[in-house]
Amino acid sequence: MSGDHIHPEPTSFLRKHVFSVDHKVIAKQFMWFGLFWLLIGGIMAMLIRWQLAYPGTPMPVFGKLFFSSTGGVIDPASYNTLFTMHGTIMIFLGLTPLMIGCFGNWCIPLMIGARDMIFPLLNMLSFWTVMLGGAVAFYSLFVPLGGSEAGWTGYPTLSTTVANQGTGETLWAVAVFLIGASSIMGGINYMTTVIRLRAPGMRWTDLPLTIWGLFFTAVLNVLFLPVIGSAMILLVLDRVFGTQFYVPASIMAGGGGGDPILYQHLFWIFGHPEVYILILPAWGIVSDLLSFFARKPAFAYRVTVGAMMAVTVLSAVVYGHHMFTTGLSAMLGESFMLLTMIISVPGEILFFNWLHTIWRGSLRMDTPMLFALSVIFVFGLGGLTGLYLATISTDIYLHDTYFVVGHFHLTMAASALFATFGAIYFWFPKMFGRKLNETLGKIHFWGSLVPLTIVFCTMFVSGYAGMPRRYYDHTSADYLKPLQHLNVTTSLAAFTLGIAQLVFAFNFIKSRWWGEKASENPWEVGTLEWTLPTPVPHYNFKEIPNVVCGPHEFSNPAIPDGKDWIYQTEPLAEQPA
Amino acid sequence: MATAVELQREDPRARVNATLGMVFFIGSWSMAFGTLFLSYFILRQRVGIWPPPGIALPSFPMAAAATLVLLLSSVVLHRAVARVRRGAPGAAALWAAATAIGVLFAGMQAWLWYDLVLSGRTVESGAYESLFFGLTWVHAAHVACGLVALLWMQVGLLTGRYGVHRISPVSNAAMFWHFVDVVWVVLFVAFFVL
């Protein structure tokens, strides 16, 4: 066993809780960081929904707080900043830190039997880089001319100085760059850790599916975050130094100039893998949770891994479906359409494997399981509507409507978020030694699932009816006036969804310090982290465990003592011949 | 004075770990520069006639000389790492020579920029200049980081912190420098050969 990555337990407060290199502390730092930004992004979503449902009406409470100069009404520029930063924050500062930063850090060493990440210092640097990125993003909201208004995709020429002279947009690009750098550091750490630090006896096929999901995400992070990094460098050069990468300004001088479409290529080369960066860990977590709570082995483990691998590879070659309306050559467009359709095949394989996993299982309907089940549902809705967006003929009609908004929220936002909630409810007892309250958890679950379905399914209807996204006030166009009731419905459901998250926030804070004490293995699951005492000691494993069976050996007749589960370190009984 | 603990041979597993991590980093950086080169080829294709007629171009002889200089520094650095690995004497001197040649390259790069600016071409002049300055700036930032790393290792080699007993930081720094070198060769081919 390599002794290189084992470090002594720190004693000072700063080294222990702030500048810690311990993966468990860093995981919790990522968790608080992600939850904080989820709150900010969530408030922004509420403000957006208020403006869309009741345009020009002063917003209660928040209106006086944030928009006192207009008497509580959200002005158009602020509205643009709100939807831009809502997207940026939720993706880069909410979900990524929570799912990949927190659970990547928490699960990988504990589930593969390692004492820490392989590069602990790099791990700490990853957290503090995203922290800096978050600070820059936050600061960008308060500079003269306000924050970025170009949408989370930051398309030129909206994101260039032609449209926006303020430093907010530049700071936005810098923030995205920093957050990307943090993800790359994390990804390199995760990949190397999984490859090099698996406990003896742990074959690749003994890895929990959570680890597989995080591993593929790490690969995508390492390969495609640099692409957005470079795209952001070029954007900053354009904005600050007057280069012409994205601005077609110099047509008169030398017959050439920049190209706004270039940015779209670069952005989506990154952007499409990014949605799989967010969903692959969710798929991994859900695959594990379904098996854990159905008390059955994950159906067709190797096929699930193969399907995730296929998605990882395909995710790199489908990005053009975001650009069907840019005048992409017909042949290129059709290739992208075909490849996008193909990616639904491994997606469906995953679905069938999940359904087979729970089929005739002894389902335990605890909160983590409810969230895992809901991922099948919301991802199903999002995935099926994706087919219409993959098809060129329908996409040209649906492009930039609320149909798209509904689709990507159900897939990459709701699925990833619900899987993250499932993961929080599931690992909370090991992280903090206490259980999240189950009753509040169930209220949170139903209070989230039902309004969320209404929010995004209503968006499908309004989008199909032709309502464009990113408009400040839909009632300003005559043809959209009859659709305003859909906006009101969406917003009322969204407010309910927002209130349900307060239940979670209350539950989280209350259970963190005053919750019911959890036993060391409350869910009766056999993966390596549950062999450890709570709280997990600094060095994790006193002895590096020897892995002798897979992560999902539930209800195996060869399990001794009449249990229905077995630790990965315990041998199965000899099968009678 | 190197203590007995410091002179323990580096755990071979840890060495593989460090090298593997660096390989992944290089892979990631390759994608970053790959993106810049993709931008180069897309914009070049959009412009049509390349290089755009009637503009002053960066000096070919100087760029070719800079390429040779950078390649030379990589070769010398490679020899230095081989000496560190064998524990042979003179590693630090060779390392210093490679670093000095690297600094010479940085000077030649600065001359290329200065020469272009003197002939009135700035980063704002057009797509060609945007690409030339933008891409070489990003590359030069990596050269600067590489030089800092080389100097850091130089100090370590001289104080005995790094050596045959702890080689992975040294070999990783060298790997990064070779990568920076390869990127320059691609830049040279893109701007001066194709």
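The values are calculated or read from the model by the stated rules, or taken from the named source; none is laboratory data. The model shown is predicted, which means the values in this text are computed figures rather than measured ones. Because the Cβ atoms are built from the backbone with ideal geometry, glycine has one as well, and the counts that use them run over all protein chains shown.
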Discussion item. Can you list residue pairs whose Cβ atoms sit under 7 Å apart, with the first residue in region B:104-126 being among the basic types (Lys, Arg) and the second being surrounded by fewer than 20 Cβ atoms within 10 Å (Cβ to Cβ)? Count only pairs 6 or more apart in sequence or on different chains.
Written reply: B:Arg121/B:Ile55; B:Arg121/B:Ala56
Item to complete: For residues that are of a type in the set (D, E, K, R) and in contact with a Lys or Arg (Cβ under 9 Å, 6 or more places away or on another chain), scanning just region A:523-552, find the one that is farthest from A:Leu209 (Cα to Cα).
Response: A:Glu524
Response to the item:
Screening A:Thr475, A:Thr458, A:Thr527, A:Thr490 for residues that are polar (S, T, N, Q) and free of Cβ contacts under 8 Å to residues at least 60 places away in the same chain leaves only A:Thr458
Worksheet item: Where in region A:22-91 are there helices (runs of 4 or more DSSP H), lying fully within it, with 1 or more residues that are at pLDDT 95 or above and closer than 25 Å to A:Ala173 by Cβ?
Response: A:23-53, A:76-88
Fill in: The listed residue being in contact with a Ser or Thr (Cβ under 9 Å, 6 or more places away or on another chain), of a type in the set (A, V, I, L, M) and within 14 Å of another protein chain (Cβ to nearest Cβ), out of B:Ala127, B:Ala140
B:Ala127
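Can you tell me which residue among A:Ile74, A:Ile91, A:Ile48 is touching a residue at least 60 places away in the same chain (Cβ under 8 Å) and β-branched (Val, Ile, Thr)?
From the options A:Ile74, A:Ile91, A:Ile48, the qualifying one is A:Ile91.
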Item to complete: Output the number of the condition that A:Leu122 fails; it satisfies all remaining conditions of (1) closer than 30 Å to A:Tyr567 by Cα; (2) within 14 Å of another protein chain (Cβ to nearest Cβ).
Response: (1)
Worksheet item: For B:Gly126, all conditions in the list (1) surrounded by fewer than 18 Cβ atoms within 10 Å (Cβ to Cβ); (2) over 30 Å from B:Arg85 (Cβ atoms) hold save one; what is the number of the exception?
Response: (1)
Discussion item. Looking only at residues that are of a type in the set (A, V, I, L, M) and assigned to a helix (DSSP H, G or I) in region B:40-57, which one is nearest to the other protein chains (Cβ to nearest Cβ)?
Written reply: B:Val47
Fill in: Qualifying positions in region A:376-404 - more than 22 Å from the chain's Cα centre (by Cα) and part of a helix (DSSP H, G or I)
A:Tyr388, A:Ile392, A:Ser393, A:Thr394, A:Asp395, A:Ile396, A:Tyr397, A:Leu398
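Is it fair to say A:Phe428 is surrounded by 24 or more Cβ atoms within 10 Å (Cβ to Cβ), in contact with a strand residue (DSSP E or B) (Cβ under 8 Å, 6 or more places away or on another chain) and in a helix (DSSP H, G or I)?
yes
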Worksheet item: Looking at region B:40-61, is at least one residue within 20 Å of the chain's Cα centre (by Cα), exposed (fewer than 15 other Cβ atoms within 10 Å of the Cβ) and touching a residue at least 12 places away in the same chain (Cβ under 8 Å)?
Response: yes
Worksheet item: For region A:130-165, what are the residues that are within 20 Å of the chain's Cα centre (by Cα) and surrounded by 21 or more Cβ atoms within 10 Å (Cβ to Cβ)?
Response: A:Val130, A:Gly133, A:Gly134, A:Ala137, A:Gly154
Worksheet item: Looking at region A:154-171, is at least one residue assigned to a helix (DSSP H, G or I), under 18 Å from A:Leu262 (Cβ atoms) and facing another protein chain (nearest Cβ under 10 Å)?
Response: no
Worksheet item: Is it fair to say A:Ile188 is without any contact (Cβ under 8 Å) to a residue 40 or more places away in the chain and within 11 Å of another protein chain (Cβ to nearest Cβ)?
Response: no
Worksheet item: How many residues are without any contact (Cβ under 8 Å) to a residue 24 or more places away in the chain and assigned to a helix (DSSP H, G or I) if we restrict to region A:307-344?
Response: 8
Discussion item. Quick test of your reading of the structure: A:Trp530 fulfils all but one of (1) among the aromatic types (Phe, Trp, Tyr); (2) surrounded by fewer than 16 Cβ atoms within 10 Å (Cβ to Cβ); (3) under 27 Å from the mean Cα position of the chain (by Cα). Name the failing condition by number.
Written reply: (2)
Discussion item. Condition (residue is in a helix (DSSP H, G or I), away from chain B (no Cβ under 13 Å) and farther than 20 Å from B:Leu36 by Cβ) applied to region A:259-275: is it met by at least one residue?
Written reply: yes
Response to the item:
Exception for B:Glu10 within (1) in contact (Cβ under 8 Å) with a residue 40 or more places away in the chain; (2) acidic (Asp, Glu); (3) surrounded by fewer than 17 Cβ atoms within 10 Å (Cβ to Cβ) falls at (3)
Worksheet item: Name the pairs: first residue in region A:195-211 and within 13 Å of chain B (Cβ to nearest Cβ), second residue of a type in the set (Val, Ile, Thr), Cβ to Cβ under 6 Å, at least 6 apart or on different chains?
Response: A:Arg196/A:Ile118; A:Leu197/A:Ile118; A:Arg198/A:Ile112
Worksheet item: Which ones in region B:152-170 are of a type outside the set (Val, Ile, Thr), within 15 Å of B:Ala14 (Cβ to Cβ) and buried (at least 19 other Cβ atoms within 10 Å of the Cβ)?
Response: B:Tyr162, B:Arg166, B:Ser168
Practice prompt. Just give me the residues in region A:234-258 being assigned to a loop (DSSP other than H, G, I, E, B), facing chain B (nearest Cβ under 7 Å) and either closer than 15 Å to A:Ala163 by Cα or modelled with pLDDT of 90 or more (or both), in sequence order.
Written response: A:Gly242, A:Gln244, A:Phe245
Practice prompt. Please state which of the following conditions A:Ala175 fails to meet, knowing it meets all the rest: (1) small (Gly, Ala, Ser); (2) more than 8 Å from chain B (Cβ to nearest Cβ); (3) without any contact (Cβ under 8 Å) to a residue 24 or more places away in the chain.
Written response: (3)
Worksheet item: Among (1) under 30 Å from A:Tyr246 (Cα atoms); (2) away from every other protein chain (no Cβ under 12 Å); (3) surrounded by fewer than 21 Cβ atoms within 10 Å (Cβ to Cβ), which single condition is B:Ala66 missing?
Response: (3)
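One line per residue, one yes/no per condition, for (1) surrounded by fewer than 15 Cβ atoms within 10 Å (Cβ to Cβ); (2) under 30 Å from A:Pro120 (Cβ atoms):
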{"position": "A:Val18", "(1), (2)": "yes, yes"}
{"position": "A:Val21", "(1), (2)": "no, yes"}
{"position": "A:Lys28", "(1), (2)": "no, yes"}
{"position": "A:Trp50", "(1), (2)": "no, no"}
{"position": "A:Lys64", "(1), (2)": "yes, no"}
{"position": "A:Thr70", "(1), (2)": "yes, no"}
{"position": "A:Gly87", "(1), (2)": "no, no"}
Item to complete: Collect the residues in region A:457-471 that are buried (at least 17 other Cβ atoms within 10 Å of the Cβ) and touching a Pro at 6+ places or on another chain (Cβ under 9 Å), keeping them in residue-number order.
Response: none
Worksheet item: Somewhere in region A:225-237, is a residue crowded, with 24+ Cβ neighbours inside 10 Å, β-branched (Val, Ile, Thr) and more than 30 Å from A:Gly550 (Cβ to Cβ)?
Response: yes
